[in-house]
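To start, the structure under review is shown below, and the notes come after it.
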Amino acid sequence: MNHLTSLSAAQIAKNVSDGSLKAEEVATAHLSRIKSEDSKVKAFIAVLEEHALKVARQIDSKRAQGKKLGKLAGVPIAIKDNILVKGVETTCASKILKGFMAPYDASIIAKLKEEDAVIIGKTNLDEFAMGSSNENSAFFKTKNPWNLDAVPGGSSGGSAAAVAAKMAPLSLGSDTGGSIRQPAAFCGLVGLKPTYGQVSRYGLIAFASSLDQIGPMARSVEDAALLLSSIAGHDLKDSTSSPQAATHFSGAPLESARGLRIGMPREYFAEGLDPEIRKSVWNAVNFLKTIGAEVKDVSLPHTAYAVATYYIIAPSEAASNLARFDGVRYGHHAQDARSLSELYEKTRGEGFGPEVKRRIMLGTYALSSGYYDAYYNQAQKARTLIAQDFENVFKEVDFLATPTTPTAAFKFGEKSSDPVAMYLSDIFTIPSNLAGNASLSVPCGLTKDHLPIGLQLIAPAFQDEKLLALAATVEKAVNFPQLN
Ligand code: GLN
């Protein structure tokens, strides 16, 4: 195998900046890796070969002219196909957006370009980011590179598979209820859901605006931190982006964990958790104990309500956000409609897949007059209690350690006929979105079937830097293997 595709993003950026490597060579190596691997893995909806080579050559000539290169000099990066890249089709893996050309760059894409990253392709997802396995993509199913019969997770499954299979060293995902962390756990990657407000969402096609966050997926904490440093920061174009948002993250491990208090929320270790995952998570936590951390049993008593709360709030916001796809302004436009309402009906009927329709119906119902108080309002109250659970527990501990998922990657078809079983695979990731804090998944072991296991670490809002440092400390001890 080509060693260029095994390099970390940090190494590529360093070598391209100092002239010991050409951005074009790096792009070519990754494009040929995509050619050999992606017919099996199917991570990409679009490979931007010409664009990537052109940009790589521009970076090389910029350097040849003696100009200083950006933080991601020559680093190929795969972008989830719900983030706008100017002039490139953005589909959200939905038939309704087929043919929609992004008219502008998302703020974070503009930043990546300024940092001399090379956008190499758009990756597959569950339609409109609704799902946990990639089986809801309207186009095709992405496979897990660790085992092609297993799902890569979702909704950022294409972004996860692309990085795990070394078709790119970095990718961007979005996380509304776990869509970065769960596929990161399933594919053996580091995946961070930054604090709500840390990264601009201008140019992310909205799913549930009070929950959505964009974040990095990488094969190491250092690389995730590098990508986060390139995209984080306050953006006036996104009113939910925070002036508190930091712009530099180092991802360096801690020397010692002395003085750190780590909480193990007992609700996350209950029945239904795979024993192999429990053991692997405990091994990581016990290691932190040996280097000085104090480990405490804690409780987040409203955890049991998180999935139900999320499945009222997220569909309600989705029903409202997705109202704009009406066949008039974007993408698919149904033929032969005799009236405006028939145009809406036919376009949406033909364009949206079954899971998206289910969410729109759930959300519309929860928001409808007569049911609003019983569902939407009630869910908002429960959300407040869930957020307060975290506030309370963070008075006692600095971080929480939990499994990212109750099981390792499951097989195709195993949960796709039972939406509730699918929804439950996000039981440990959803609470952080509801609370808006920072959380990530870092690999902590393999099951006996050789599938990755993810450790979830959670920190209070805007402690993303400390969270990455803790993850780097675990990473160093675990020494997780990479795929060849
Ligand atoms: N799997 C969850 C859902 O289907 C979360 C998705 C996400 O984070 N985008 O809603």
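Only one of the numbered conditions (1) within 16 Å of the ligand (Cβ to nearest atom); (2) buried (at least 24 other Cβ atoms within 10 Å of the Cβ) is violated by residue 408, and that is (1). The set of residues from region 420-433 being open to solvent by 40 Å² or more (accessible area, probe 1.4 Å) and not in a loop (DSSP other than H, G, I, E, B) comprises 420, 424.
In region 124-147, the residues that are closer than 11 Å to residue 353 by Cα and touching a residue at least 24 places away in the same chain (Cβ under 8 Å) reach residues that are within 8 Å of the ligand (Cβ to nearest atom) and among the aromatic types (Phe, Trp, Tyr) with C-beta atoms within less than 8 angstrom, at least six apart or across chains, in these pairs: 128/207; 130/207. Does region 164-180 contain any residue that is in a helix (DSSP H, G or I) and either away from the ligand (no atom under 16 Å from the Cβ) or in contact (Cβ under 8 Å) with a residue 40 or more places away in the chain (or both)? Yes, the conditions are met somewhere in region 164-180.
Name the single residue that is nearest to the ligand (Cβ to nearest atom) among those in region 335-387 being closer than 21 Å to residue 309 by Cβ and among the β-branched types (Val, Ile, Thr). Taking the candidates together, the pick is 356.
Restricting the first member to region 336-365 and to residues that are of a type in the set (Phe, Trp, Tyr), and the second to residues that are within 16 Å of the ligand (Cβ to nearest atom), the beta-carbon pairs closer than 7 Å and six or more apart or on different chains are 352/94.
Filtering region 85-107 to residues that are open to solvent by 10 Å² or more (accessible area, probe 1.4 Å), assigned to a loop (DSSP other than H, G, I, E, B) and either polar (S, T, N, Q) or touching a residue at least 60 places away in the same chain (Cβ under 8 Å) (or both) leaves 98, 99, 100, 104, 105.
The rows are residues; the columns are (1) part of a strand (DSSP E or B); (2) among the aromatic types (Phe, Trp, Tyr).
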site: 109; (1), (2): no, no
site: 120; (1), (2): yes, no
site: 128; (1), (2): no, yes
site: 138; (1), (2): no, no
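In this structure, is residue 69 away from the ligand (no atom under 16 Å from the Cβ) and either in contact (Cβ under 8 Å) with a residue 12 or more places away in the chain or in contact with a Ser or Thr (Cβ under 6 Å, 6 or more places away or on another chain) (or both)? So residue 69 fits the description; yes. With the requirement that a residue be assigned to a loop (DSSP other than H, G, I, E, B) and surrounded by fewer than 18 Cβ atoms within 10 Å (Cβ to Cβ), what does region 460-484 give you? Within region 460-484, 479, 481, 482, 483, 484 qualify. When residue 213 is tested against (1) buried (at least 24 other Cβ atoms within 10 Å of the Cβ); (2) more than 8 Å from the ligand (Cβ to nearest atom); (3) more than 20 Å from residue 322 (Cβ to Cβ); (4) not β-branched (Val, Ile, Thr), only condition (3) is not met. In the set (1) modelled with pLDDT of 95 or more; (2) crowded, with 18+ Cβ neighbours inside 10 Å; (3) over 16 Å from the mean Cα position of the chain (by Cα); (4) in a loop (DSSP other than H, G, I, E, B), the condition left unmet by residue 415 is number (1). At least 2 residues being open to solvent by less than 80 Å² (accessible area, probe 1.4 Å) and of a type in the set (A, V, I, L, M, F, W, C) is the threshold, and among the helices (runs of 4 or more DSSP H) wholly inside region 322-403 those reaching it are 354-367, 378-393. The condition of being crowded, with 18+ Cβ neighbours inside 10 Å, within 16 Å of the ligand (Cβ to nearest atom) and at pLDDT 95 or above holds for only one of 440, 457, 451, that being 440. Scanning region 9-37 for residues that are closer than 11 Å to residue 166 by Cβ and open to solvent by 20 Å² or more (accessible area, probe 1.4 Å) yields 33, 36, 37.
Mind checking which residues of region 255-285 are of a type outside the set (Gly, Ala, Ser) and under 22 Å from residue 395 (Cα atoms)? Residues satisfying the conditions are 258, 260, 261, 262, 264, 265, 266, 267, 268, 269, 285.
Among the conditions (1) modelled with pLDDT of 95 or more; (2) among the aliphatic types (A, V, I, L, M); (3) outside any helix (DSSP H, G or I), residue 281 misses just one, which is (3). Among residues that are within 16 Å of the ligand (Cβ to nearest atom) and either part of a strand (DSSP E or B) or open to solvent by less than 10 Å² (accessible area, probe 1.4 Å) (or both), residue 206 is not included.
Here residue 230 does not qualify as surrounded by fewer than 20 Cβ atoms within 10 Å (Cβ to Cβ) and in contact with an Asp or Glu (Cβ under 8 Å, 6 or more places away or on another chain). So which residues in region 111-154 are away from the ligand (no atom under 11 Å from the Cβ), open to solvent by 10 Å² or more (accessible area, probe 1.4 Å) and not acidic (Asp, Glu), if there are any at all? If the condition is that a residue be away from the ligand (no atom under 11 Å from the Cβ), open to solvent by 10 Å² or more (accessible area, probe 1.4 Å) and not acidic (Asp, Glu), then 111, 113, 137, 138, 139, 140, 141, 143, 145, 146, 147, 148 are the ones that fit.
Counting the residues of region 272-303 that are of a type in the set (S, T, N, Q) and within 26 Å of the chain's Cα centre (by Cα) gives 3. With respect to the conditions (1) of a type outside the set (Val, Ile, Thr); (2) in contact with a helix residue (DSSP H, G or I) (Cβ under 9 Å, 6 or more places away or on another chain); (3) in a helix (DSSP H, G or I), residue 448 lacks only one, and its number is (3).
The values are calculated or read from the model by the stated rules, or taken from the named source; none is laboratory data. Being a predicted model, the structure only gives us computed values, none of them experimental. Because the Cβ atoms are built from the backbone with ideal geometry, glycine has one as well, and the counts that use them run over all protein chains shown. Remember, those area values only see protein heavy atoms, side chains included, never the ligands or the DNA or RNA. Shrake-Rupley method; radii C 1.70, N 1.55, O 1.52, S 1.80 Å.
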